[in-house]
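Single-structure report; data block below.
The values are calculated or read from the model by the stated rules, or taken from the named source; none is laboratory data. A quick note: this is a predicted structure, and the numbers were derived from the prediction, not measured. As a convention, Cβ positions derive from the backbone with ideal geometry for all residues, glycine included, and neighbour counts pool all protein chains shown.
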Amino acid sequence: MDLTQLTLTEAREALLTKKCSAAELTQAFIGQMEKNRALNAYITQTPDQALEQAKAADKRLAHGNAGLMEGLPIGMKDLFCSKGIRTTSGSRMLENFVPSYESTVSHNLLSQGAVVLGKTNMDEFAMGSANITSAYGPSISPWKRTDNPAKQIVPGGSSGGSSAAVAARMCLAATGSDTGGSIRQPASFCGLVGIKPTYGLCSRWGMVAFASSLDQAGPLTHTVADSALMLQAMAGYDAKDATCANVPIPDYLKDLNAGAVKGMRIGIALEYIDRLNDEMKALFNQGVEWLRSAGATIHEVSLSTTPYALPTYYIIAPAEASSNLARYDGVRYGHRTDRGGSIDALYEHSRREGFGEEVRRRIMIGTYVLSAGYYDAYYTRAQKVRRLIKADFNRAFEEVDLILTPTTPAEAFALDERPTDPIEMYLNDIFTVTVNLAGLPAISVPAGLSGRGLPLGLQLIGPKFSEQTLFNAAKALEDSANFREKVPNHDA
Amino acid sequence: MLERSCAPLLSPYPSRQKPVIYATMMLNFRGFNFMVISQSDIEKVARLARLHLEAQEVSKAQSELMGIFNWIDQLQAIEVSGIELHNAQDIIMHERPDVVEPDTTVKAVLANAPQAQHDMFTVPKVVE
């Protein structure tokens, strides 16, 4: 049995029924990580620590006190602070930063018995949609285009290392973070399930911050059941995060029921779909049919503020980022320049040297929109448009239970065909950013393959704290799509 | 300026893959109202952000930011009067008791310091 072919829930079953040990499972993934170094999915690998964790997990399994994630090897996006293990957030700025504490989300996973194989690659400070702004080199998807298998395909971003690692079976699942689509888009590009939960469901304490009113942690997994299990382990109230919601976390996996789709009202927003290319339109219509056959009713809804979501996001996110990244001043931690001079020279050169081009660009945008004379015209206006976007969704959810959309406009592009215009890169997030602005949960499910053999995903959006409903409908889509049958052997 | 707005349409991004929806957004430009960001604006913003810019980088930053802001400017067309601003995610803030709790140690904090002496961070002289 090739242990790396198991899904998270299958592996959990295998461990609980003693078909394999956590040590064997971990060793199998360490081997897979070795074979696939070229994909550059990990920034820091921790095989020795992982084997120690696996040993301890095997003891707990033997004693019958297994946690939710006991003995299951996962990847951890490199913006979750890992105590004693370097945490870079994909940046030179934090190249040698070793946190003295563990983020709440990674702590939750570890205390449920998870085995952490390493810190996965990501766009620098989570700013990007293709994992090409990382200071540690791009991450490459294991997927190949049928028309040109030599092309390197991007795994999406900013959680590109996580999506590449899971798709290439270098871990069972991985954590990601989503500020404008950074879990869902890489999931869609790599044929995985990715959920961004409701804002506040997971704690942001110990996550390297990008945009504080938008960031959320979530899992990237092979299946919906895996996602349900892992989200339950990650989520939960944390007093250390003042924006964390004090709500009980349901047993998502136990209550997972595709049959609940019967009678669900699914909304389709014309503004999302009227300009899709033929391939995406066909897939979207297929998704609608699958849900209809499963017993859902389909309703048109209007989200008229949709065209304004991206520019709104590209005011608010950089503004918040410019504030969050002001802490990187070369004084207390992170990169400090060797160039001498005044304190201002210290700040200016440390930041110039430590930050990459995209990060500097977004800090400039953010600083500009918050500066005197422009604050009202940009930042205040964007926050008001944000209220309009939220109101649009609130109105839609009075008529429907969930909304179905594509996750991305198209399949993953090749590394050497990437957009050179920043705005064109930003357009990758067109279907995902609205959800972060409104603070709502959304899940991407792999639904089919493009004409060139690359994964395409469909997204379901729900009202606040509707994760169970999302998982149920996503399961119905997954059952119909039968995507797992279409995944080729990437090692071949 | 027009070259800037046409750039995405001429990019090497394969046309079959091009997200068609952005074409509509480009057409939403009010072409008569391009905003201008001057070189001194760029220098001022770089200063505020404490980001060093080489002299030759200023004009590239200027054209990039102007392109982005001309795209963002489509938000000016929306009616927003009468919208009140509440907190962004309708969060209810929970207070905690004002009690000292164990947090970290000086040693742990200074472990990541670029330069430290006498249990403090060392920096260039600030006060003249």
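Values for this structure:
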item	result
Tally of residues being of a type in the set (Val, Ile, Thr) and part of a loop (DSSP other than H, G, I, E, B) across the range A:190-223	3
Selection count, the range A:81-140, where residues are more than 14 Å from chain B (Cβ to nearest Cβ) and in a strand (DSSP E or B)	6
Residue check, residue A:177 modelled with pLDDT of 95 or more, among the polar types (S, T, N, Q) and not in a loop (DSSP other than H, G, I, E, B)	yes
For residue A:295: the one exception among (1) of a type in the set (Gly, Ala, Ser); (2) farther than 27 Å from residue B:112 by Cα; (3) within 8 Å of chain B (Cβ to nearest Cβ)	(3)
Meets criteria (modelled with pLDDT of 90 or more and more than 30 Å from residue A:345 (Cα to Cα)) for residue B:123	no
Selection within the range B:76-128 - charged (D, E, K, R) and within 30 Å of residue B:35 (Cβ to Cβ)	B:79, B:84
Filter pass, residue A:349 being under 22 Å from residue A:122 (Cα atoms) and either assigned to a helix (DSSP H, G or I) or within 9 Å of chain B (Cβ to nearest Cβ) (or both)	no
Residues that are in contact with a helix residue (DSSP H, G or I) (Cβ under 8 Å, 6 or more places away or on another chain), polar (S, T, N, Q) and closer than 28 Å to residue A:124 by Cα, drawn from the range A:211-269	A:212, A:213, A:216, A:221, A:223, A:227
Residues (of a type in the set (A, V, I, L, M), farther than 12 Å from residue A:178 by Cβ and either in contact (Cβ under 8 Å) with a residue 12 or more places away in the chain or more than 8 Å from chain B (Cβ to nearest Cβ) (or both)) located in the range A:408-436	A:410, A:412, A:414, A:415, A:425, A:427, A:430
Residue A:446 under 21 Å from the mean Cα position of the chain (by Cα), touching a residue at least 60 places away in the same chain (Cβ under 8 Å), within 21 Å of residue A:193 (Cβ to Cβ) and more than 14 Å from chain B (Cβ to nearest Cβ)	yes
Selection status of residue B:107, under 25 Å from residue A:206 (Cβ atoms), exposed (fewer than 10 other Cβ atoms within 10 Å of the Cβ) and charged (D, E, K, R)	yes
Of the criteria (1) modelled with pLDDT under 95; (2) surrounded by fewer than 18 Cβ atoms within 10 Å (Cβ to Cβ), which one residue A:398 fails	(1)
Flag for residue A:341 being at positive phi and not charged (D, E, K, R)	yes
Residues satisfying the stated conditions in the range A:141-155, i.e. assigned to a loop (DSSP other than H, G, I, E, B) and of a type in the set (A, V, I, L, M)	A:150, A:154
Residue count, the range A:440-487 (criterion: of a type in the set (Lys, Arg) and outside any loop (DSSP other than H, G, I, E, B))	3
Selection count where residues are part of a loop (DSSP other than H, G, I, E, B), aliphatic (A, V, I, L, M) and closer than 19 Å to residue A:279 by Cβ, scope the range A:390-439	3
Pick from the range A:345-375, criterion farther than 15 Å from residue B:47 by Cβ and among the β-branched types (Val, Ile, Thr), ranking: surrounded by the most Cβ atoms within 10 Å (Cβ to Cβ)	A:359
Count of residues meeting criterion [under 21 Å from residue A:481 (Cα atoms) and part of a strand (DSSP E or B)] in the range A:287-307	2
Within the range B:81-99, considering residues that are closer than 18 Å to residue A:238 by Cα and among the β-branched types (Val, Ile, Thr), the one modelled with the highest pLDDT	B:99
